1. Suppose we filter the stretch 211-243 for residues that are surrounded by 13 or more Cβ atoms within 10 Å (Cβ to Cβ) and under 30 Å from Arg59 (Cβ atoms); how many remain?
2. In this structure, does Ser157 turn out to be in contact with a strand residue (DSSP E or B) (Cβ under 8 Å, 6 or more places away or on another chain) and surrounded by fewer than 20 Cβ atoms within 10 Å (Cβ to Cβ)?
3. Taking Ser4 as meeting all but one of (1) within 24 Å of Arg205 (Cα to Cα); (2) touching a Phe, Trp or Tyr at 6+ places or on another chain (Cβ under 6 Å), write down the number of the exception.
4. Residues that are in contact with a strand residue (DSSP E or B) (Cβ under 8 Å, 6 or more places away or on another chain), more than 22 Å from Gly195 (Cα to Cα), in a loop (DSSP other than H, G, I, E, B) and not hydroxyl-bearing (Ser, Thr, Tyr): does the stretch 123-137 have at least one?
5. Taking Gly64 as the residue in question, decide whether it is surrounded by fewer than 22 Cβ atoms within 10 Å (Cβ to Cβ) and in contact (Cβ under 8 Å) with a residue 60 or more places away in the chain.
6. Taking the condition buried (at least 17 other Cβ atoms within 10 Å of the Cβ) and either out of contact with any Cys (no Cβ under 6 Å at 6 or more places or on another chain) or closer than 20 Å to Met148 by Cα (or both), does Ile191 pass?
7. I'm trying to understand the selection: among the residues of the stretch 110-124, which are without any contact (Cβ under 8 Å) to a residue 12 or more places away in the chain and of a type outside the set (S, T, N, Q)?
8. Any residue in the stretch 125-144 that's in contact (Cβ under 8 Å) with a residue 24 or more places away in the chain: show its pairings with residues that are among the aromatic types (Phe, Trp, Tyr) at Cβ separation under 8 Å, as long as the two are six or more apart or on different chains.
Amino acid sequence: MTRSIKILIYLVIYLTSSLGKLKRVSQLEQSGKKIEKDKIVNETVSKWAKAIVRLSGSRVSVQGQENIPSERAVVFVSNHQSNFDIPILLGCIDKPKAFIAKIELKKLPVISSWMEKMGCIFMDRNDARQSLKSISSGSENVKKGYSMVIFPEGTRSEDGKLREFKPGSLKLATKAKAPIVPVTIIGSKDIMLKGKLSVYPSDVRIVISKPIYTDELSKEDEKNLGDIVRGEILKNLGQSQEA
């Protein structure tokens, strides 16, 4: 529990001290100073994320960083094992990004404000109409040059086995005609078990696969896109299609 307490104390102190910076970001946003605003947001969030991972005692290695297109926004499609997946991806993948996040996170003070400034989209998984609207909003973000992360399983996997993708989960990428970058997270489930508060150190590995350019797909490949991306992540996890 000691690591959990350290992380909680850090979050309270860091988020409280970030209120002035958050106000500055809002002012820049209102003034139309997008580049300066984005720079502050990305630096602040990256610093927070790296500190959280460090305080967990975990070590993260990244394979395939060179596979990320540098000249355009992408959609990272990742498996989901732990609450730590978000800080791991924010702190360890070298490209600014936002998330499609569950709507419950919108209730978190300060954190939700930073998420909004990042460009995160909050999705209510129990409201089909709102979910479609969230996908459209995320697609528009990508068109504007902001990379997004989606967890197409829709929830965390307790045992680390990759679940089936939710129907339509990759439409965000296809609507924006953006490259999909499959991301496999291995070992994060051991940091914090689902439903538990205790934090344990773990050796985490991120595998970044080669991009899939959705604007170059045949109709058949686009139809099977979910299976293609899921198969890539399964391969990196060492799991079979039946997993």
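The values are calculated or read from the model by the stated rules, or taken from the named source; none is laboratory data. Since the structure is predicted, the reported quantities are computational estimates derived from the model, not experimental observations. Because the Cβ atoms are built from the backbone with ideal geometry, glycine has one as well, and the counts that use them run over all protein chains shown.
1. Result for the stretch 211-243: 13.
2. On the way: in contact with a strand residue (DSSP E or B) (Cβ under 8 Å, 6 or more places away or on another chain): no; surrounded by fewer than 20 Cβ atoms within 10 Å (Cβ to Cβ): yes.
Answer is no for this residue.
3. (2)
4. no
5. Details: surrounded by fewer than 22 Cβ atoms within 10 Å (Cβ to Cβ): yes; in contact (Cβ under 8 Å) with a residue 60 or more places away in the chain: yes.
Yes.
6. Details: buried (at least 17 other Cβ atoms within 10 Å of the Cβ): yes; either out of contact with any Cys (no Cβ under 6 Å at 6 or more places or on another chain) or closer than 20 Å to Met148 by Cα (or both): yes.
Yes: the conditions hold for Ile191.
7. So in the stretch 110-124, the residues without any contact (Cβ under 8 Å) to a residue 12 or more places away in the chain come out as 112, 116.
Within the stretch 110-124, Glu116 is the sole residue that qualifies.
8. Sorted first by the residue in the stretch 125-144, then by its partner, the pairs are Ser134/Phe122.
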